[in-house]
Amino acid sequence: MTGALEFRDPDRAGRLVDRLEALVADTGPLRVMHVCGSHEEAIAEFGLRSVLPEGLTVAMGPGCPVCVTDLPEVDEAVALAKAGHTVATYGDMVRVPGTESSLADASAAGANVRTVYSAGEAVDLAEELDREVVFFATGFETTAAPTATVLREGPPSNFSVLSAHKYVPPAMDVVAGHPDTRVDGFLAAGHAATITGTDPFEGVVERHDLPVVVGGFEPLDVLLGLVRLVEDVRDGTATVTNAYPRCVSDAGNPAAQAALWEVFERVPGEWRGIAEVPDATLRIREAYAGYDARRRFDIETPDDDRTTDCICGEIMAGRAGPEDCPLFGEECTPQNPVGACMVSDEGPCRITREYGGRR
Amino acid sequence: MCLGIPGEVLEIDGQEARADFRGAEKWVRIDVVGDDLSVGDYVLNHAGFAIRKIPEEQVERTVELYEQAATGGEPG
């Protein structure tokens, strides 16, 4: 197979940047938004913002799954851990602060919190342990489909799922519709689209008259996606373009979708700090209610009394940047995060702290 | 959590495959990959699950896409 170098070739990158320069000279200043933590990581890691044309702003949207997991959802996981159950979750979630404490705090106080790499590992844990294992399941389509797959297989009876899974396209609608957010086009997340295909973005295009380009994660993939997006903005073309065809097809992965929608349904839910999104939180369907931790346990959580100056929500909605936050780098650091955006490897604040600011 | 990594399938055992991810070998689940897999195929892996078989011809085509975009050509 073609080596990674072909996706990172500096000569091609330079020519794509030249092409962007020429396009932006035509269009004038514009602001596009990506909706994926991995896009932000690629952009920051490879220093792409420093080579992009002055007039092209690439804003971060609600694409970090850890960051959009709502505070009460974290509180539920902490309450279950404190109640004596084993809580298994992805590594990023452990340090996300809840109202009173994080899972890491609960663990330090004696609760049983385990980091897993996959939904399958959480099931393995339930098979090994003679106690309740709750999988605190976070993330978008790419992690929700695996969670659905393990539930369909009939995991052991001491296994359950606390779902904080979310579905991306409706959140793009909310952000695009916000009066204070300027978005000229979306760079959509290639991996979520690997599951769903490009079809779900058609509605976003129609409702907001904006182009959507599905892009990959190698530096040249990101630049290619931006070139296609800026071309669409220049031409006034509001369509869905697939700039990541090696991983994404129009219809996506039907096997993964079948699992996803057999187990989950879309319900209204809060995306942390952003808004209640009408149909973008994934709840376990009645047929799998036996594995739903919210139905199995009586979960008592503290009252939500958010008083912090953290502006995570504004950042995730693309209305502010990390450096606009009064806590950034002062009270809030990767070692002592106040908001989820500073915890996750995909969090905008963490990435900005690690790789530097916009310019 | 959302890091998708391509890997080459080295061995298949039921619903799992051992794959080489740029030097690191790992077993991944292949029950939602949605395609028949053989040793030598490339898969996109996500949180322990292969979610897409990556067609070889599409990888070659990617390089063409870069070239077209760089030269201002229309996507083919």
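Only the coordinates and a few stated rules stand behind these numbers; no lab work does. Since we're looking at a predicted model, the values are computed, not measured. With ideal geometry, Cβ positions are generated from the backbone for all residues, glycine too; neighbour counts draw on all protein chains shown.
Say R0 is 45 Å: what FRET efficiency, to the nearest 0.05, do B:D36 and A:E206 get from their beta-carbon distance?
That gives a FRET efficiency of 0.80.
Taking Cα atoms, how many degrees apart are the long axis of helix A:141-152 and the longest axis of chain A, rounded to 10 and kept between 0 and 90?
30 degrees
Decide, for the range A:249-310, between rounded, prolate and oblate: order the square roots of the alpha carbon gyration tensor eigenvalues as a ≥ b ≥ c, take rounded if a/c falls under 1.5, and otherwise choose prolate if a/b is larger than b/c, else oblate.
Note, shape of the range A:249-310 comes out oblate.
Using every pair of alpha-carbon atoms in chain A, split the distances into 10 Å bins beginning at 0 and state the percent of pairs per bin, rounded to integers.
5, 25, 33, 24, 10, 2, 0
Considering only A:C64, A:C349, A:C325, give the residue with the highest GNM mean-square fluctuation for chain A, with springs between Cα atoms whenever their separation is below 10 Å.
A:C325
So which lysines pass the test for B:K26, namely a Cα distance under 24 Å, with those fewer than 8 places away in the same chain ruled out?
B:K53
Search the structure for amide H atoms under 5 Å from the amide H of A:D184, placed 1.01 Å from N in the peptide plane, and list their residues when 5 or more places away or on another chain.
Counting only residues 5 or more places away or on other chains, the set is A:R31, A:V32, A:M33.
List, in order, the whole-Hz ³J(HN,Hα) value for each residue of the range A:171-186 obtained from phi through the Karplus relation with A = 6.51, B = -1.76, C = 1.60 and θ = phi - 60°; use x for Gly and Pro.
Values, residue by residue: 5, 5, 4, 4, 5, 5, x, 6, x, 8, 10, 8, 10, 8, x, 10 Hz.
Once you average over the residues of B:27-33, how many Cβ atoms of partner chains fall within 10 Å of each Cβ?
5
At what distance in angstrom do the alpha carbon centres of the range A:324-359 and the range B:7-76 lie from each other?
The range A:324-359 and the range B:7-76 have Cα centres separated by 33 Å.
Starting from the amide H of A:V161, placed 1.01 Å from N in the peptide plane, find each other amide H under 5 Å away whose residue is 5 or more places distant or on another chain.
Sorted by chain and number, the residues that satisfy this are A:F135, A:D292, A:A293.
For Cα pairs less than 8 Å apart in space and 6+ apart in sequence, what is the mean separation divided by the residue count of chain A, i.e. the relative contact order in percent?
Relative contact order of chain A: 22 percent.
Just to verify a number: FRET efficiency for A:E121 and A:E323, C-beta to C-beta distance, R0 = 35 Å, to 0.05?
For R0 = 35 Å, the calculated efficiency reads 0.40.
I'd like the projected area of the range A:198-311, averaged over all directions, using the convex hull of its alpha carbons. Report it in nm² with one decimal.
Averaged projected area of the range A:198-311's Cα convex hull equals 10.9 nm².
For chain A, modelled as a Gaussian network with Cα springs under 10 Å, which listed residue fluctuates most, A:F328, A:F297, A:F135?
Largest GNM mean-square fluctuation: A:F297.
Return the whole-Å distance between the Cα centroid of the range A:139-181 and the Cα centroid of the range A:204-278.
That distance is 15 Å.
Taking chain A as the reference, fit the longest principal axis to its C-alpha atoms, fit the long axis of helix A:71-82 to the helix C-alpha atoms, and give the angle between the two in degrees, 0 to 90, nearest 10.
Result, in degrees: 30.
Quick one: Karplus J couplings for the range B:28-35, per residue in order, coefficients 6.51, -1.76, 1.60, θ = phi - 60°, nearest Hz, x for Gly and Pro?
10, 7, 10, 6, 10, 5, x, 7
Which of B:E56, B:E64, B:E25 ends up with the largest GNM mean-square fluctuation for chain B, with Cα atoms connected below 10 Å?
Comparing B:E56, B:E64, B:E25 in the GNM, the peak value goes to B:E64.
Over the range A:32-121, calculate the relative contact order: mean separation of alpha carbon pairs under 8 Å at least 6 apart, over the residue count, as a percent.
Relative contact order comes out at 24 percent.
Over all residues in A:221-227, what is the mean tally of Cβ atoms on other chains that come within 10 Å of each residue's Cβ?
Whole-number average of other-chain Cβ neighbours for A:221-227 is 3.
If I model a spin label as a point 7 Å beyond the Cα along the Cα-Cβ vector, how far apart are those points for A:D26 and A:V51 in nm?
Reported label-point gap for A:D26 and A:V51 is 2.2 nm.
Please compute the contact order of the range A:24-178 in relative form: average sequence separation of alpha-carbon pairs under 8 Å and at least six residues apart, divided by the residue count, as a percent.
About 20 percent, as a whole number.
Mind computing the radius of gyration and Dmax over the alpha-carbon atoms of the range B:4-70? Å is fine for both.
Expressed in Å, the Cα Rg and Dmax of the range B:4-70 come to 12.8, 43.
Using a 10 Å cut-off around each Cβ, can you sort A:D221, A:D173 from fewest to most neighbouring Cβ atoms?
Ascending number of Cβ neighbours within 10 Å: A:D173, A:D221.
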